[in-house]
Amino acid sequence: MRRLVKNQFRRRILFSFLGVVVGFLILNGYLRYQTARSDLITEYTLDIAYHFPSIFNEMVSSNFIMPLQEGNKSQYYNSSSKDITIVICDNNDNLLWDSMQKGPPSHIENICTDLPKNENKPILIEKPSGAVFISHSMSIESNNDLPSRRVILLSRMEGKISRLHTLKIQLAISYTVLILIAIFGVLWGYNRSFHPLNKLHNELKNIKDNEQKKLIYHYPEELDPIAQTINRLLEQQDEQSSKYKKAMDDLAHSLKTRIATCDALLYQKKPPIADIMEQLNDMDSVIQHQLKRALMGSRGISKHHTLVEPIIEKLTKMFNKIHQEKGIKFIHNYTKDQTLPINYDDLMEVLGNIFENSYRFADSSIILSIIERSEGVNIHIENDGEALPHDKIKSVFQRGVRADEKNPGTGIGLAVCEEIISSYNGQICFHAQDTGTRLEMFLPHQN
């Protein structure tokens, strides 16, 4: 209930619905009570209709009401209804005649002024003294030397009004019980109706507190699309966070080799400023590219074919300086106008990681071959170093897995290559050999 009070929107819904239900029950009880009162008027009307001849005969006997036929000498007699009293007053509220044998009650100073003057409308009157009756007033114009007068019919209702009072108490008790039941019913229905929203609130709070990863409750069809959308957003958020983390790891890995190259160049007697600037420009390009990949992903950044020769020259020049003591011979089998269906920065990233490993493990030579096929391009890179262990041929593409446990490294270079090649619907794998290592890549032609 505390949350119901605090939440303004829910509080409005709850109390509005309660107001409608309680108001309907109160109105229903009021109408039933008024119907019972109307039934008393109906009984009075039927009683008047039944006793009208004797009532009219008694009024004629007062000589203030003309008979229906002139010269009618019929015997006059009193009304057969003991509960109906007739009072005749003039327009000045003077009592002209009444059918009460003992006259008006002594505590009533003037019965003509004490009774309401609503014409032709029966009215139920309850006096503080306990007297209950129906008053029915009718005006009669002056005729035959008789003044204008008002005839009032009074019907005592003390015996019948007790039924009305009993009904009022019964209605008050029964409708109070119904209102309480309705309130509890509304509260139960409210809690049941808002249970999915409360569950959604709790699950979102748990997600915020890292106690769960997504919404798992089976929501009704009205909320299910919202829950599915939230789960998709959460998945996208997790993917984006993972992508950012990978991008930062990839960036650190990409800069590592270039920083090492700059370090080697700076320790020369005459540092080659042009080569150092080239490495710095490459670093800037790598940083910009990794940021794009973090935001957009590799696929779709660029779909232009990239010339291979400039990238190979730049990378071999850099790694030959780093590993100049090994005297690695680089052999390439492709034409100078050879292109690959991959973005320039992605190709630089892939070949840079592969060449780093190839130069590290090669004994004396590295061979790069590119073969054009109808469906795409095959790239083969071989070195004459130590063979890759068979149990590492597949796992080496997983992040954190390293084929070389002797030298320091991050174990993400080949994982980055696999992610980039896969983003172009390509394939990358190692082939088992007795000596040396052979890596093959396939890049399909872009449509």
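The values are calculated or read from the model by the stated rules, or taken from the named source; none is laboratory data. Treat the numbers as computed from the prediction; the structure is a model and nothing was measured. Every residue, glycine as well, gets a Cβ built from its backbone with ideal geometry; the counts of neighbours run over all protein chains shown. Just so you know, the surface numbers come from the protein's heavy atoms only, side chains and all, with ligands and any DNA or RNA stripped out. Shrake-Rupley method; radii C 1.70, N 1.55, O 1.52, S 1.80 Å.
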The range 89-109, residues that are open to solvent by 50 Å² or more (accessible area, probe 1.4 Å), modelled with pLDDT under 80 and under 22 Å from Glu58 (Cβ atoms): Gln101, Lys102, Pro105
Residue identified as part of a helix (DSSP H, G or I), touching a Leu at 6+ places or on another chain (Cβ under 7 Å) and modelled with pLDDT under 85 among Ile183, Ile134: Ile183
Residue list for the range 227-250, filter: surrounded by 14 or more Cβ atoms within 10 Å (Cβ to Cβ), modelled with pLDDT of 75 or more and either under 13 Å from the mean Cα position of the chain (by Cα) or hydrophobic (A, V, I, L, M, F, W, C) (or both): Ala227, Ile230, Leu234
Pick from the range 215-226, criterion open to solvent by less than 80 Å² (accessible area, probe 1.4 Å) and assigned to a helix (DSSP H, G or I), ranking: farthest from Glu419 (Cα to Cα): Asp224
The range 30-52, residues that are open to solvent by 80 Å² or more (accessible area, probe 1.4 Å) and touching a residue at least 40 places away in the same chain (Cβ under 8 Å): Arg32
Qualifying residue in the range 144-157 (condition: charged (D, E, K, R) and modelled with pLDDT under 75): yes
Test: residue in the range 373-380 that is modelled with pLDDT under 90 and of a type in the set (Lys, Arg): no
Where a residue in the range 239-250 is within 16 Å of Gln288 (Cα to Cα) and its partner, wherever it lies, is assigned to a helix (DSSP H, G or I) and of a type in the set (A, V, I, L, M, F, W, C), with Cβ under 7 Å and at least six apart: Lys243/Ala294; Tyr244/Ala294; Ala247/Ala294; Asp250/Val416
Count of the range 416-447 residues which are outside any helix (DSSP H, G or I) and open to solvent by less than 50 Å² (accessible area, probe 1.4 Å): 13
Pairs with Cβ under 9 Å, 6+ apart, first in the range 1-20 and within 16 Å of Leu197 (Cβ to Cβ) and at pLDDT below 70, second open to solvent by less than 70 Å² (accessible area, probe 1.4 Å) and of a type in the set (Lys, Arg): Arg3/Arg10; Leu4/Arg10
Condition check for Gly411: in contact with a Leu (Cβ under 8 Å, 6 or more places away or on another chain) and either open to solvent by less than 30 Å² (accessible area, probe 1.4 Å) or at pLDDT 90 or above (or both): no
In the range 123-180, the residues that are touching a strand residue (DSSP E or B) at 6+ places or on another chain (Cβ under 6 Å), open to solvent by 40 Å² or more (accessible area, probe 1.4 Å) and farther than 20 Å from Thr45 by Cβ: Pro147
From the options Arg299, Arg293, residue that is open to solvent by less than 90 Å² (accessible area, probe 1.4 Å), charged (D, E, K, R) and either under 21 Å from Ser242 (Cβ atoms) or at pLDDT 90 or above (or both): Arg293
Filter pass, Glu382 being assigned to a loop (DSSP other than H, G, I, E, B), touching a residue at least 12 places away in the same chain (Cβ under 8 Å) and more than 58 Å from the chain's Cα centre (by Cα): no
